[in-house]
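Novice: First the structure, then my questions, so here it is.
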Amino acid sequence: MATLSFNPARIRTPTFKHSKLTSPSKPITIPCTTAPSHNHPKLLHFRTHSVSESTQKETREAILKEEDDPTAELRYLDPETDPASITEWELDFCSRPILDARGKKIWELVVCDKTLSLQYTKYFPNNVINSITLKDGIVAVSDELGVPLPKNIRFFRSQMQTIITNACNELRIRPIPSKRCVSIILWLEERYETIYTRHPGFQEGSKPLLALDNPFPTELPDILYGERWVFVQLPYSAVREEVSNFERGVCGSGLDLDLLGLEIDDKTLIPGLAVASSNATALAAFISGLEVCAVEADAARGRLILSVGISTRYIYSTYKKTPQTSSEAEAWEAAKKACGGLHFLAIQPDLDSEDCAGFNLLLDLPFPPV
């Protein structure tokens, strides 16, 4: 195993022996049983195994109606879902590459929950964009679909943070700036391909008005330091098991793997990063509260980057660049890409431990073209 550490001045060289999280052997490779692919997950509209035949028919009709008329607005609530169970929404409020009769870009409010049991879209002219309009739009979602206002709303555009935060505060909703808005990000990409490009006002080659930023990484807060780390891998079946453990109370964050429609064999090795800490429980709790969205191995600069929240990137670790460490980092990134961006961050009391104090399932996604 290559010598990698958080801070050579105060942290010993990492070691790894026996664990259910396995590190690749020399020469350093991280194999995937699926062929490498540049594709990322495609969002499934609904989990068909969880709804009745009549519900599936209604769903198909709603989707077909929307796709037949790209100017139509969507209102959908899964009839088999308890409205009171939908306590978190994902929201985007931004311009689209579509011009109205005045030659101005149309804005759109898009809202869903993480399972897409709730779906709502509404177009707006560009001269009414403010927090009051958004607040009224959020209330309209609740009124028109017969669902209570959510406790939390996640959003991923830093430029809209003030408007969204003000609207949410007025309604006593907690706004969460986070790039873990996987469902709405993938849905927006789908809408670009199936709706926006077919709209009569679509502008080919139009650049997003609110481009997503990718700020320079900053120094990691001391409270987030671990003691040792290592690149690891887990079979997809074991990843699913860890996610179920998280759902039973283990610190961390998961993803709806069924909804994402990932075509990954259970034996496929998913790349991850294992971090050891003598205070693993506390570290896992801190990490789980950060809205972690991705870990990046920057082989060119010999460092790991931790992306959290909406626009924060930390230098999670640096390491001495050698042919071996560079090869390992590049192989880890290649494995992540081959698995559609799926990877994980595991917090352990010791790298030899069989247990995780925290497990965060992550998805490194390109953002939608809108």
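Novice: Can you give me the number of residues within the stretch 140-164 that are surrounded by fewer than 23 Cβ atoms within 10 Å (Cβ to Cβ), touching a residue at least 24 places away in the same chain (Cβ under 8 Å) and not aliphatic (A, V, I, L, M)?
Specialist: Counting residues in the stretch 140-164 that are surrounded by fewer than 23 Cβ atoms within 10 Å (Cβ to Cβ), touching a residue at least 24 places away in the same chain (Cβ under 8 Å) and not aliphatic (A, V, I, L, M) gives 9.
Novice: Looking at (1) of a type in the set (A, V, I, L, M, F, W, C); (2) at pLDDT 90 or above; (3) more than 20 Å from Y120 (Cα to Cα), which is the one condition that is false for F216?
Specialist: All conditions pass for F216, except number (2).
Novice: Also: For the stretch 148-248, please list each of the strands (runs of 3 or more DSSP E) lying entirely inside it that holds at least 2 residues being of a type in the set (V, I, T). Please lay out each step first, then the result.
Specialist: On the way: elements: 152-155, 174-177, 228-235.
Ranges flagged: 228-235.
Novice: Could you tell me which of the residues P215, P208, P235 is over 30 Å from I129 (Cα atoms) and not polar (S, T, N, Q)?
Specialist: Every option except P235 fails the conditions.
Novice: I've got another one for you. Kindly provide the set of residues from the stretch 341-370 that are closer than 17 Å to L255 by Cα and either open to solvent by less than 10 Å² (accessible area, probe 1.4 Å) or part of a strand (DSSP E or B) (or both), ordered by number.
Specialist: G341, L342, H343, F344, L345, A346, G358, F359, N360, L361, L362, L363 - these are the residues of the stretch 341-370 that are closer than 17 Å to L255 by Cα and either open to solvent by less than 10 Å² (accessible area, probe 1.4 Å) or part of a strand (DSSP E or B) (or both).
Novice: Mind listing just one residue for me: the one in the stretch 277-336 that is assigned to a helix (DSSP H, G or I) and among the β-branched types (V, I, T) and, of those, surrounded by the fewest Cβ atoms within 10 Å (Cβ to Cβ)?
Specialist: Taking the candidates together, the pick is T281.
Novice: Taking the condition crowded, with 19+ Cβ neighbours inside 10 Å and modelled with pLDDT under 95, does G226 pass?
Specialist: Yes.
Novice: Would you call D136 free of Cβ contacts under 8 Å to residues at least 12 places away in the same chain and surrounded by fewer than 20 Cβ atoms within 10 Å (Cβ to Cβ)?
Specialist: Working: free of Cβ contacts under 8 Å to residues at least 12 places away in the same chain: yes; surrounded by fewer than 20 Cβ atoms within 10 Å (Cβ to Cβ): yes.
The answer is yes for D136.
Condition check ((1) touching a helix residue (DSSP H, G or I) at 6+ places or on another chain (Cβ under 7 Å); (2) under 25 Å from K207 (Cα atoms)) across all residues:
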site: L109; (1), (2): yes, yes
site: L134; (1), (2): yes, yes
site: V141; (1), (2): no, no
site: P148; (1), (2): yes, no
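Novice: Among the residues in the stretch 82-104, are any of a type in the set (D, E, K, R), in contact with a helix residue (DSSP H, G or I) (Cβ under 8 Å, 6 or more places away or on another chain), open to solvent by 40 Å² or more (accessible area, probe 1.4 Å) and assigned to a strand (DSSP E or B)?
Specialist: Scanning the stretch 82-104, I find no residue that is of a type in the set (D, E, K, R), in contact with a helix residue (DSSP H, G or I) (Cβ under 8 Å, 6 or more places away or on another chain), open to solvent by 40 Å² or more (accessible area, probe 1.4 Å) and assigned to a strand (DSSP E or B), so the answer is no.
The values are calculated or read from the model by the stated rules, or taken from the named source; none is laboratory data. Only a predicted model underlies this, so the values are computations on that prediction, with no experimental measurement involved. Methodologically, a virtual Cβ is constructed for each residue, glycine included, from the backbone with ideal geometry; neighbour enumeration extends over all protein chains shown. With ligands, DNA and RNA removed, areas are computed over all heavy atoms of the protein, side chains included. Shrake-Rupley method; radii C 1.70, N 1.55, O 1.52, S 1.80 Å.
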